[in-house]
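Input: a single structure, listed below in structure tokens.
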Amino acid sequence: MAFADEKLPVFKVGDTIYVCACGAGCDCQTISRNDGKCTCDKPLAKTTVTKVEGDKLFAKVNGTEQAFSTKAKYACACGPGCTCGTISQKAGNCTCGKEMKKL
């Protein structure tokens, strides 16, 4: 399991996800199951989870494997019917367009 917190989505190796494509130096670390924009307001990149280790998942972005923290500070607040699974290290909107909640 990629997440120990039951409020957060679980991502597994092989899952299709959308991630922040700003590069390894970006601190937003946005991950979602839906296409949209990261909390930097830039388009997310479609990719696949290649590995899960502890509190990190790995995915290739523009040909380079990148680590993303799964210990999110913010998550989608839409409720149980929502399937976007958006999490981020920075405040902002989820891919549904609603403001994420601080965890």
- Task: Calculate the dipole size of the chain relative to its Cα centre from +1 charges on Lys and Arg beta carbons and -1 charges on Asp and Glu beta carbons; express the result in debye to the nearest 20.
- Result: 120 debye
- Projected label distance in nm at C22 and K42, using a 7 Å step from Cα toward the beta-carbon: 0.7 nm
- Message: Sort E53, E99 by heavy-atom solvent-accessible area, probe 1.4 angstrom, most to least.
- Response: E99, E53
- Note on the structure: In whole Å, largest first, the alpha carbons of the chain cover along the principal axes 32, 28, 20
- Query: Measuring from label point to label point, each 7 Å out along Cα→Cβ, what is the K12 to K101 span in nm?
  - Reply: 2.6 nm
- Grab the Cα-Cα distance for A77 and E53, subtract it from 0.36 nm times how many residues apart they are, and report the gain in nm with one decimal. 6.1 nm
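The values are calculated or read from the model by the stated rules, or taken from the named source; none is laboratory data. Nothing here was measured: the structure is a model prediction, and the numbers come from that model. Reconstructed Cβ throughout: ideal geometry from the backbone, glycine too, with neighbour counts over all protein chains shown. Surface areas here come from the heavy atoms of the whole protein model, side chains and all, with no ligands, DNA or RNA. Shrake-Rupley method; radii C 1.70, N 1.55, O 1.52, S 1.80 Å.
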